[in-house]
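K.L.:
Okay, handing you the structure first.
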Amino acid sequence: QVRLVESGGGLVRPGGSLRLSCAASGFAFNLYRMSWYRRAPGKERELVADISPGKSVDYADSVVGRFSIYRNNAKNTVYLQMDSLNRDDTAVYYCNARQEDHDYWGQGTQVTVSS
């Protein structure tokens, strides 16, 4: 059974940091492109960052220099380190695993940036 379980969300003050984790099981994690998406209130889902099986990374312009995605294939886990958070980063963050026609999603974790 495929599972993607996100954790690490919460309430943080502007300028603060959080690290999200996504623990995967039930598929060959090391062969999948792993991504983080987010959906803010009233907005469409957007790609935040992704990392290829070869660990090439890409980021949305809005998070460049503040967020970092990395993966640990031995632990079947992908992470999103988020620094210098601001209110525009408030959203539900989702983990995604993709390979050809296989596309899996986690349940999401809430990140709220507020003073």
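K.L.:
Would you please name the GluC sites (Glu not before Pro) within region 1-103 that are DSSP coil residues with at most 12 other C-beta atoms within 10 Å of their C-beta? Working shown, then result.
P.N.:
Values: sites: 6, 44, 46, 100; in loops: 44, 100.
Passing both the DSSP loop test and the Cβ count: 44, 100.
K.L.:
Then there's this: Which order do the peptides 7-16, 83-92 come out in when sorted by mean C-beta neighbours inside 10 angstrom, highest first? Mind dumping the intermediate values first?
P.N.:
Details: 7-16: 13.9, 83-92: 16.3.
Peptide ranking by packing, descending: 83-92, 7-16.
K.L.:
Using alpha-carbon positions, what is the distance between the centroids of region 13-40 and region 43-66, in Å?
P.N.:
10 Å
K.L.:
Can you give the % of DSSP beta bridges in the chain that are antiparallel, to the nearest 5? Walk me through the intermediate numbers first.
P.N.:
On the way: 39 of 42 bridges.
Taking every DSSP beta bridge with both residues in the chain, the antiparallel ones total about 95 percent.
K.L.:
If you roll a 1.4 angstrom probe over the protein chains with everything in place, what fraction of the accessible area of the chain belongs to carbon and sulfur, to the nearest %?
P.N.:
Working: 2680 of 6080 Å².
Carbon and sulfur atoms account for 44 percent of the accessible area of the chain.
K.L.:
Follow-up question, since we're still on this one. How much accessible area per residue does the chain have, counting only protein heavy atoms and a probe of 1.4 Å, in square angstrom? Don't jump to the answer; show the numbers that get you there.
P.N.:
Values: 6080 Å² over 115 residues.
That works out to 53 Å² per residue.
K.L.:
Another question about this same structure. In region 11-45, which residues have a backbone nitrogen under 18 Å from the label point lying 7 Å from residue 87's Cα in the Cα-to-Cβ direction?
P.N.:
11-17, 40-43
K.L.:
Sticking with this structure for a sec: Report the extension gain between residue 115 and residue 40 in nm, rounded to one decimal, defined as 0.36 nm multiplied by the number of residues separating them, less their alpha carbon distance. Could the numbers behind the result be given before it?
P.N.:
Numbers: separation 75, 0.36 × 75 = 27.00 nm, distance 1.76 nm.
Full extension from residue 115 to residue 40 adds 25.2 nm.
The values are calculated or read from the model by the stated rules, or taken from the named source; none is laboratory data. Please read all numbers here as calculations on a predicted model, not as lab measurements. In this analysis, Cβ positions are derived from the backbone assuming ideal geometry, glycine residues included, and neighbour counts consider all displayed protein chains. Just the protein is used for accessible areas: all its heavy atoms, side chains included, with ligands, DNA and RNA removed. Shrake-Rupley method; radii C 1.70, N 1.55, O 1.52, S 1.80 Å.
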